[in-house]
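Q: What follows is a single structure, and I will ask about it in a moment.
The values are calculated or read from the model by the stated rules, or taken from the named source; none is laboratory data. A quick note: this is a predicted structure, and the numbers were derived from the prediction, not measured. Cβ sites come from the backbone with ideal geometry, for glycine too, and all protein chains shown count toward neighbours. Protein only, heavy atoms only, side chains kept; ligands, DNA and RNA dropped before computing areas. Shrake-Rupley method; radii C 1.70, N 1.55, O 1.52, S 1.80 Å.
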Amino acid sequence: MNEHSSFDLEANERLSAQELRELQLSRMQASIAHIYANNQSYRGRCDAAGVRPSDLHSLDDLARFPFTGKQDLRDAYPFGFFAVPMDRVVRVHASSGTTGKPTVVGYTRNDIETWAGLVARSIKAAGGTPGMKVHVAYGYGLFTGGLGAHYGAERLGCTVIPISGGNSERQVELILDFAPDIIMVTPSYMLSLVDEFRARGIDPRSTSLKIGIFGAEPWTTAMREEIEQAFDLNAVDIYGLSEVIGPGVAQEYGSTKDGPTIWEDHFYPEVVDPDTGQVLPDGSEGELVFTSLTKEAMPVVRYRTRDLTRLLPGSIGPMRRMASITGRSDDMLIIRGVNMFPSQIEEQILRCEGLAPHYRIDVSRPHRLDQVMVNVELKPDCGEDRRAIVATELMGYIKQVVGVSVEVTLCEPGTMERSAGKAVRLRDLRQT
């Protein structure tokens, strides 16, 4: 039986908790031995910490091993973090980082097959079935979203419509003409498609779409409700990051919609204190950390995602879920001594009926005190008489929930920049 046909789509439903833990330990031991033998950078860090692969006798022993961070990958740019020779690398992707060198990741042929299986499992968990048409509006190229979704949908037996990102008019035309069942895209761009449908006088609820699989950026429960009401579809969350493999690290089941289930037979999760690195018990909020268990070209040990979340018990099988990401440890803002995340602002915007879910937060320090400006777009039906009321309402909500006073700039409908990829929600303009 070849690798393509042997991927276990039903592992979470089939394995017992004990079988899962035994599988994780055997795969972890093999993966850490592989990276120690073949990644000089990580081997040096293990030696400095006085730990060897032979010290891993239980899953708890993982906490003895050093973390891996984005800077480690950048320091090894472009291919220095790979653990196989380049003649075994069949593809490279790179992160969409905005500062410094991108983080480059490599895949062997087996890695590509594993990744396709993980995304196929994810689409299945979301409610997808063979024969469904999947409209892939994630970007193709170095970004992992488009090709990751594409290969996974094909693996499941779906019909792929590979439109990639951008060109909203064309997106709408193909949704109307090709009648896809599933759309895979960033949630912020899905809201742009809502606007495009309505600008044409077309009710988005009249489309064929039944399932939306949204990822690549955090999104709130309020945004989920906004999308579901606009399109009359089931909106579920897919989670991943290029440094670990891409989309398909975790997936929310369409039947429960209670947070993404981490595919723990391929990725071992921990939650740690962002400041101390101490492993926290399940249920505690902290930074999500992953160790890959089956990657060949570029396995990672204790990779720090910077995403803040909690680990929760599995609701379908033994594999644990992750709670909604509350923010990132590296995009948390400290405003006059108060911790604030962009997602908190988004939740308050979506409470205001006259405001559209398109916004940007600008933080500046003009007179030695931090100032927060929330630039937010008005809905077309918000009249002049309502605008001052809506702005005051939003400022009040933010002050009440977040504890920070902000200023609000109301932007005309359709004037805020739309992104086909990850939306830029925050600009920190403070001089440090």
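Q: Yes or no: the stretch 340-355 includes at least one residue that is part of a strand (DSSP E or B), open to solvent by less than 10 Å² (accessible area, probe 1.4 Å) and within 24 Å of GLU225 (Cβ to Cβ).
A: Taking every residue of the stretch 340-355 in turn, at least one turns out to be part of a strand (DSSP E or B), open to solvent by less than 10 Å² (accessible area, probe 1.4 Å) and within 24 Å of GLU225 (Cβ to Cβ).
Q: Has the stretch 297-309 got any residue that is surrounded by fewer than 20 Cβ atoms within 10 Å (Cβ to Cβ), more than 19 Å from PHE67 (Cβ to Cβ), of a type in the set (D, E, K, R) and in contact (Cβ under 8 Å) with a residue 12 or more places away in the chain?
A: The answer is no; no qualifying residue exists.
Q: Oh, and also: Identify, please: which residue in the stretch 133-153 is free of Cβ contacts under 8 Å to residues at least 60 places away in the same chain and in a loop (DSSP other than H, G, I, E, B) and is, among those, least open to solvent (accessible area, probe 1.4 Å)?
A: Among them, the one singled out is GLY141.
Q: A further question follows. Among the residues in the stretch 327-343, are any modelled with pLDDT of 85 or more, acidic (Asp, Glu) and over 30 Å from ASN12 (Cα atoms)?
A: To start, the set of residues in the stretch 327-343 that are modelled with pLDDT of 85 or more comprises none.
No; the residues of the stretch 327-343 include none that is modelled with pLDDT of 85 or more, acidic (Asp, Glu) and over 30 Å from ASN12 (Cα atoms).
Q: Another question about this same structure. Do we find that ARG121 is open to solvent by 50 Å² or more (accessible area, probe 1.4 Å) and among the basic types (Lys, Arg) in this structure?
A: No.
Q: Under 9 Å by Cβ, and 6 or more places apart or on different chains, what pairs join a residue from the stretch 390-414 that is within 30 Å of PHE197 (Cβ to Cβ) with one that is outside any loop (DSSP other than H, G, I, E, B) and hydroxyl-bearing (Ser, Thr, Tyr)?
A: ALA391/THR409; VAL408/THR392; CYS411/TYR359
Q: For the stretch 328-339, which residues satisfy the criterion of being open to solvent by less than 50 Å² (accessible area, probe 1.4 Å) and either in contact with a helix residue (DSSP H, G or I) (Cβ under 8 Å, 6 or more places away or on another chain) or aliphatic (A, V, I, L, M) (or both)?
A: Answer for the stretch 328-339, where residues must be open to solvent by less than 50 Å² (accessible area, probe 1.4 Å) and either in contact with a helix residue (DSSP H, G or I) (Cβ under 8 Å, 6 or more places away or on another chain) or aliphatic (A, V, I, L, M) (or both): ASP331, LEU333, ILE335, VAL338.
Q: If you don't mind, another one. Out of the stretch 365-406, which residues are assigned to a strand (DSSP E or B) and either at pLDDT below 90 or open to solvent by 30 Å² or more (accessible area, probe 1.4 Å) (or both)?
A: Of everything in the stretch 365-406, those that are assigned to a strand (DSSP E or B) and either at pLDDT below 90 or open to solvent by 30 Å² or more (accessible area, probe 1.4 Å) (or both) turn out to be GLN371, MET373.
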